[in-house]
Amino acid sequence: MLPISVVLVEAREPFRLIYQNAISAAAVPEDRRPAIGRAWADVSRVDARAGILEVFRDAAASGEPRHLADWEFVLTPDRDPEQRVMVWDWAVTPIPAAAADDPGYLLVTGLDLTERRHAVEREQARELAEQQRFDELTLVREIAQALSATLDEEQAAMHVVQIAATIVTSPDLPPRRASLLRLQGDRLVSVAEYDRDGPQLGTTVYTLAEHPELAAVLRGLEPRAGTLGDQLNVPEETRDVVARSGLHSYALAPVHVGDALFGLITVGARDDAGFDEAQMQRLTAVAHISGLALGNAMRYTLARDHTERIAALERAKSDFLNLASHELRGPLTVVRGYMSMLADGSLGELSARTGDVLPTVMERLDAMNRIVDQIIDTARLADHESIPMRLHPVDLREAVQAAVGESVTGRAPRHTVDVTLPDRPVMVHADRRRLTIALAHLVDNAVKFSPEGGEIAVRCTVDEGRRVVAVSIRDPGLGIAPADLSRIFTRFGRIVTPENSAIGGSGLGLYLARDTVRRHGGDIVVDSEPAVGSTFTVTLPLPDAPA
């Protein structure tokens, strides 16, 4: 049975210690004893960036207990120079004040799960078929941590090539050279390079028409390895680059940022060993995680540029800066990278139990990414930039079905979503992806603000006389007060009441949904009654009827 640390602190700043058990007392450094009567921050070895004080403040202000399962943090640098990650399970329980002048207390219990986490990881590694598998797991973890260490685009690109060159080099072979090439129209441009022993070539441009090997990897979206020799079908200037570098073989892997093709990672070898299957798998893993890291860095750069221009305006714009900060994006790179590799089997076969919970974890990560996308879209609209739209004929029935299917909360088993669609196609001129996102948000809201067991009705009807189509989403939920109806479509216009205060949301979804629909030539209207429910209706124009 694991020992439990128990501490009692005052429920107000600076959270002075009133009591601690022997296990908690033993963890206090000698130079900070006695701990009783001192502020938590003065005696705790937990780095302030771990956020435990924010949890104290939240629990003290709300009067509600807080449970932090598998809470990861590091100790203060003076106590642990290596800054190792610790894993604890925390429970913070407010104790009401007994008298008017009594501040109340917080009962803090902690369970150190660090060794258990390490033991689980070691056991998983032991079960791998070979010791090499354990090395691969450790290596991938280091890659993810290294690539998530910065949100600067240039630094992220440099980390990518340093890791790529290192990860495919055997200890007994000369160091290898790596470059990151970014796709710009019909050419690839080097944006970062790493060669410990060879020349730095600077910015190099490769046209796809003159470099068929590079173009083939981009078309096939599969990694490739080969040798460099006289038979290489490239221009003379590229042959000069190869000759100066002294390279004998190469490996290429495509890099994606989201759904877009970013470019290629190239690795060159001066030895004759080439690249084996294990090294190509490593390079593919680096390319996959690199896409996540570069994507987060690019999105962060975009968000930072917007917030720097509008930081002096209204409070809503500063909220955007907080939501788009490093604390939101940094962990996503590591977590999404691990989860994706678990899902595609890169880290080995999963147990049935792990496979059952993985989809839920991926859904939550995708929800976080959607919030980030909402924030970025909002920033672009606030800065009078147009969000690109790709309009083409779309069967609205398919968009409605996709919206219900892709909605996270729309699949909740505690609710019923009843969809009624016309028998024939309903064609509209639309950006399918953005219209689906807008409709999915309306379905999400209907489920979130409805009681368990409620039925959500989604109807699609065509008015041939007015040449419009309407999609209505009706819920039996909390409803909206008449005075609040004008605010719900504004940026960060979330209406907080005692009934819905526990329901999460960014306050951006309806704002972006209406903007999307209006840019399609339609609109969204709402009919709502408190404690009865709401009906949101999307109207879109139908194409002109053929003569």
Take L508 and tell me if it is crowded, with 20+ Cβ neighbours inside 10 Å, modelled with pLDDT under 80, over 19 Å from E455 (Cα atoms) and under 29 Å from the mean Cα position of the chain (by Cα).
yes
All positions within the stretch 391-405 that are at pLDDT below 85 and either of a type outside the set (G, A, S) or not assigned by TED's automatic domain parsing to the domain that holds R474 (or both)
none
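Looking only at the stretch 148-168, which residues are of a type in the set (A, V, I, L, M) and part of a helix (DSSP H, G or I)?
A156, A157, M158, V160, V161, I163, A164, A165, I167
Table: residues versus (1) buried (at least 20 other Cβ atoms within 10 Å of the Cβ); (2) within 21 Å of R196 (Cα to Cα).
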| position | (1), (2) |
| --- | --- |
| L218 | no, no |
| L221 | no, no |
| E237 | no, no |
| G246 | no, yes |
| L252 | yes, yes |
| A273 | no, yes |
| D276 | no, no |
| Q279 | yes, yes |
| R282 | yes, yes |
Scanning the stretch 169-190 for residues that are at pLDDT 85 or above, assigned to a loop (DSSP other than H, G, I, E, B) and of a type in the set (G, A, S) gives G185
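Is it fair to say M368 is closer than 21 Å to V257 by Cα and at pLDDT 75 or above?
Judged against the criteria, M368 is not a match.
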Unmet criterion (only one of (1) in contact with a helix residue (DSSP H, G or I) (Cβ under 9 Å, 6 or more places away or on another chain); (2) modelled with pLDDT of 85 or more) for P543:
(1)
Residues located in the stretch 509-547, provided they are more than 17 Å from P482 (Cα to Cα) and in a helix (DSSP H, G or I)
G509, Y511, L512, A513, R514, D515, T516, V517, R518, R519
Any chance M427 is more than 18 Å from L442 (Cα to Cα) and at pLDDT 85 or above
yes
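The values are calculated or read from the model by the stated rules, or taken from the named source; none is laboratory data. Please read all numbers here as calculations on a predicted model, not as lab measurements. A quick note on method: Cβ atoms are made from the backbone with ideal geometry, for glycine too, and the neighbour counts reach across all protein chains shown.
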